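Some notes on the structure that comes next.
What follows draws every value from the coordinates through simple rules; no lab data is involved. Not measured: the values here are computed from a predicted model. Glycine gets a Cβ as well: all are built from the backbone with ideal geometry, and neighbour counts include every protein chain shown.
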Amino acid sequence: MKTITKLIAVAAMTAGTAFAGEGWLTNIEKAQALAKKEGRMVLVDFTGSDWCPPCKALHSKIFLSKEFKAYAKEKLVLVEIDFPRRKQLSDEQKKYNQAQAKKYGLRGVPMVLVFDSKGKQVHKEVGFRGQSPKAYINNLKSLGKPGS
């Protein structure tokens with residue numbers, strides 16, 4: 001019985017990350033706490049993962065690239081705030097995502113925010129310009145050190 005309870009608890013804790021993909025969190029505050037502890041920046045992707053063509057392009061061309069994954073593993077804590085049309089999110093996640101959209105002035109997707117390790121917003125970009133993974137990473141590097 002204890003094993004079942006533990007499995008249910010683990011499933012409940014990870015349910016919010018199932019849609020975000022490998023290595024992506026779904027809570028900005030948790031990501032900022034982790035970033036502070038590890039000295040990394042936080043990249044938040046506001047997306048319409050299953051309906052928005054520029055969001056899909058950003059995901060496939062940049063976020064799934066080997067170059068970005070290697071860079072992110074060392075330098076970033078990744079967060080996905082998703083507004084899908086077909087995928088089902090929990091009511092709690094939907095409410096959280098809506099609150100974050102309001103807090104950060106979401107006007108369209110994709111919108112990427114970057115925070116330094118202290119929680120200060122250092123970048124905001126709406127849309128995807130089709131740049132290469134190398135150019136995207138260089139732009140992130142130009143934002144400064146995670147704690148600056």
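Side notes on the structure shown:
- Cα gyration tensor category, rounded, prolate or oblate, for the range 25-141 with a/c compared to 1.5: oblate
- Local electrostatic count at Tyr136 - Lys and Arg +1, Asp and Glu -1, tallied over other residues with Cβ under 11 Å: +2
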